[in-house]
Amino acid sequence: MSQEKVIVLDFGGQYNQLIARRVRECNVYCEVHPYHMPLEKIKEMNPKGIIFTGGPNSVFFDDSPKCSKEIFDLGIPILGICYGSQLIAHMLGGEVKDAPTSEYGKTDVELDNTSLLFEGVSRHTVCWMSHTNYIETSPAGFRITGHTPVCPVAAMECPERSLYATQFHPEVLHTAEGQKMLANFVFKICGCAGDWKMDSFVERAIDEIRQKVGSGKVLCALSGGVDSSVAAVLLAKAVGKQLTCVFVDHGLLRKNEGDEVEAVFGPDGPYDLNFVRVNAQERFYSKLSGVVEPEAKRKIIGEEFIRVFEEEAKKIGAVDYLVQGTIYPDVIESGLGKSATIKSHHNVGGLPDCVDFKEIIEPLRLLFKDEVRRAGTELGIPEHLVNRQPFPGPGLGIRIIGEVTAEKVKIVQESDAIYREEIAAAGLAGSISQYFAALTNMRSVGVMGDGRTYDYAVALRAVTTTDFMTAECADIPYAVLQKVMNRIVNEVKGVNRVVYDLSSKPPGTIEFE
Ligand code: XMP
């Protein structure tokens, strides 16, 4: 498909997909490729611009990742970020050294806003830095367009060759005017028109799926959450009745959720789908019995899911493909990129080694949550479904600290339903990205009526975030929290305390396990 695009060359940085996503926010299609992508292939793709990412290495070592020097002569604008900026300097004759002072975090940078890259950006602005090496001398022909007291080349450029570089990370939200800089790069420097929309993604994904699947049969793991719902509707558009959606009720869903999902995707709902509901509560509870370690729980739930899907696939017969609604933060946090494993998201790192499908299709793998919602809207999925708060595949299994039992599930379901009711009644649902009740494994002494109790503490969690990679605790009015607390201790048997989790992410995560 010939559409204007910018490509990101990945030198091992943490934020490579984030850069692509920020470019897509400018309505310019963007995808990430390895730094060693052959020059011929790059020419074939004919990108309007190229962005070099950051990376953990030092450019001055022989074995550190480098691209071909001829890339600078293609006439395609290049923006180097962090390691990428040092690479431009190093390869074109500048000097990169260990910095006498590393910079990490929000840093005041003085910019020359006669640069096209910084047009409309304040002269003094806060940027996100994270470097131990720095450019000491810029290459001949470059002019310095940004500095800090300890970083002489925080930005440099050679407009004649359309080469631009920033030591800081414009893609990170902490860089206050970073999005403006990226927009300047794609529009003013690369000359993009910005006419890409999520519908192009959807069309392209549908084409690719049709080509891959041919006349084969596909099974979609549908949880009723945003991601798998979008994946299911996308697949249904692509391959129609070759698709069967299997919804597994693992007994770890929110109150009444099983029936709600069935009402939307089942035979009485608006979609003409092959829909199978499997009630597997007992099976999951028995596998989880006695298991307390979070990763073990995730792996068990992930494996059991797959086993159920395999069984259902056998019943259908000759199913080659399994579709999952994996999205980009799942991939990153499961450690399948280069970063450490935080949690094995059940539809990614939680997969068993051996899976009885020819291939797993994950059409949303490169999208962030808000992009998935936009894709859902493009597909005509109703707003209330598209804007549902996320619910993790392992469900309440990871909202119950320690061993999962049917009794504990009931406590969380009831507490969570009350919490959701009160948040909605207070008109707060739209302003909080994710909120839920969890069960701490802590029991403590209380007094109710005239008697002693020894019951559980329920934790309330609420966060605001755009990308779910970082999050802040939501500022819920005390009166609302107090009402929720009152109702939970009065209405839910087995609970005598309610706590509110104030942690942000990092250092916490959104879910408890
Ligand atoms: P954490 O807890 O890692 O969560 O800060 C980030 C976002 O991901 C969701 N989450 C999951 N989603 N499978 C999923 O589909 C999982 O295993 C999983 N674990 C966490 C979580 O609800 C939050 O929105």
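Computed from the coordinates by the stated procedures, all read-outs in this text should not be read as laboratory data. From a predicted model like this one, the values you see are computed outputs, not experimental measurements. Note that each Cβ is placed from the backbone with ideal geometry, even for glycine, and that neighbours are counted across all protein chains shown.
What the table below lists for this structure:
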| quantity | calculated |
| --- | --- |
| Label point 7 Å beyond Cα of residue 60 along Cβ direction - residues of the stretch 87-105 with amide nitrogen under 11 Å | 95-100 |
| Where Rh is the Kirkwood radius over Cα pairs, Rg/Rh for the stretch 122-279 | 1.23 |
| Within-10-Å neighbourhood charge of residue 357 [Cβ basis; K, R +1; D, E -1] | -3 |
| Helix 478-491 axis, angle to the chain major axis (alpha carbon atoms, nearest 10°) | 30 |
| Principal-axis tilt of helix 406-425 within the chain, Cα atoms, nearest 10 degrees | 60 |
| With eigenvalues of the C-alpha gyration tensor scaled by 5 and rooted, the stretch 58-104, Å | 21, 12, 9 |
| Alpha-carbon centroid distance for the pair the stretch 101-155 / the stretch 1-69, whole angstrom | 21 |
| Gain on full stretching of the segment that runs from residue 195 to residue 388 - 0.36 nm per residue minus C-alpha separation | 66.7 nm |
| Projected area, mean over directions - the chain, Cα convex hull, nm² | 26.2 |
| Largest-first principal axis extents, alpha carbons of the stretch 11-62, Å | 36, 26, 12 |
| Equivalent ellipsoid, the stretch 210-295 (semi-axes from 5 times Cα gyration tensor eigenvalues, Å) | 27, 16, 11 |
| Extended-chain gain in nm, criterion 0.36 nm per residue less alpha-carbon gap, residue 279 and residue 358 | 25.9 nm |
| Cβ-based net charge around residue 252, under 14 Å, with every Lys or Arg adding one and every Asp or Glu removing one | 0 |
| Out-of-range pairs (alpha-carbon distance over 23 Å; input 41/69; 315/408; 241/314; 212/297) | 315/408; 212/297 |
| Highest average packing first - 148-154, 446-452, 316-322, 40-46, Cβ atoms within 10 Å | 148-154, 316-322, 40-46, 446-452 |
| Furthest towards positive pole of dipole, 445, 206, 269, structure part the chain, Cβ charges | 445 |
| Summed side-chain charge close to residue 137 - residues other than residue 137 whose Cβ falls under 10 Å, Lys, Arg +1, Asp, Glu -1 | -1 |
